[in-house]
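Here is the structure we will look at.
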């Protein structure tokens, strides 16, 4: 499948591969190994791939024993993997590098040696167990890999022209028109249900069966559960409890994560490691409250007040409807046409979070539940910062509406209260592009363009 991240890999090779190793982070089954193999085949004369999920103890120990003699290390690896090594023309890949911390630590010396280029792939790279007793190499260049975005999904379905048309309309502040808008929303609702995990998208392209796609997604969810049990040692039950409660948390009108729904005596400090584990694994996209929407949203972040979105909305669908072993085709079709009696707002808001995260935005929201002043009482679903910070007007407040009937109440309150900080208020809805009461109303498929 065609992925945009390929261009980032190519840019690294042309400009930085002699000075840094590339570290590709992403959730399991997001396509990291696949894209690196494709990149190596096209851009290098040879590729030595070490999958630490399968590598023997002897291979892992070699990064301790032979690090002082790189000639011997390279000769050993070349012979063991039956791969010739050519200076300047070979890519060495450390797949699932979190399983061999010593190999990751060795990057400092391997990059300094300069003979070959290096890419590491992995997840859970910040978990204490995976960085214990090693010095994190400063020679790593980090890139995050997400599920297929909406445009990549369109490419997979053979549609190369819809997104350029959407981009053109967005830049000119034009609506798409009834026919094109309907087509774009049909694709968007498919994307919302299928999601962006490569295996699920491939299954949909091949079969057009939501039933088959659901089986693939459930396999991925089971893989995540296995990872939790295997790698979240000591607090796996807490990670599993947080993971299991995500759909019910998002189903609520007030979507801030409530630990009391897990345990009435639960405190954030007791579950902080569990929440961080899911975030580090990129299974979820955490969205933090910002108490003051000014320059540097992170500086005003309330660490313990957050919303927890699934990293892939297609997986959320299967995760939410797991009372039965599988979601049947009829439920998917009702979701597709919006006729199921179900609060689909959780799916719409989740896919917006997914789109913003894959576009490089850190996720923040604003909430004020004041009982004393109605003018202060509001909730803004997302806050994003401009790329280039200026003296003022750096923050874009975003409200997401899933129903066709809505008001601008919170956006109006927010705009009035934080006039000097706001760049432009946005409302994301299922309708076509329009401007109303000084607010831009964007269709869902334009979110990746923010």
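A short reminder: the numbers here are calculations on the coordinates, not readings from a lab. Note that the structure is a prediction, hence the values are computed from the model and not measured. Neighbour counts are summed over all protein chains in view; Cβ atoms, including those assigned to glycine, are modelled from backbone coordinates with ideal geometry.
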I'd like the FRET efficiency for residue 75 and residue 252, computed as 1/(1 + (r/R0)^6) with the beta carbon distance as r and R0 of 56 Å, rounded to 0.05. 0.40
The value for segment 5-145 (convex hull of the alpha-carbon atoms, volume per residue, Å³) is 101 Å³
Against the longest alpha carbon principal axis of the chain, how many degrees, from 0 to 90 and to the nearest 10, is the axis of helix 101-113 turned? 70 degrees
Taking every DSSP beta bridge with both residues inside the chain, roughly what % is antiparallel (nearest 5)? 40 percent
Kirkwood hydrodynamic radius (Cα pairs, Å) of segment 151-449? 20.2 Å
Mean Cα-pair separation over length for segment 58-166, i.e. relative contact order, pairs under 8 Å, 6 or more apart, %: 22 percent
Rg/Rh of segment 187-292 (Cα atoms, Kirkwood Rh), to two decimals, equals 1.03
In degrees from 0 to 90, rounded to the nearest 10, what is the angle of the helix 5-15 Cα long axis to the longest principal axis of the chain? 50 degrees
Listed residues 270, 214, 381, most fluctuating in the chain (Gaussian network, C-alpha, under 10 Å): 270
Before anything else, pin down the relative contact order of segment 68-122: Cα pairs under 8 Å, at least 6 apart, normalised by residue count, whole percent. 41 percent
What per residue convex hull volume, in Å³, comes out for segment 329-450 when only alpha-carbon positions are used? 123 Å³
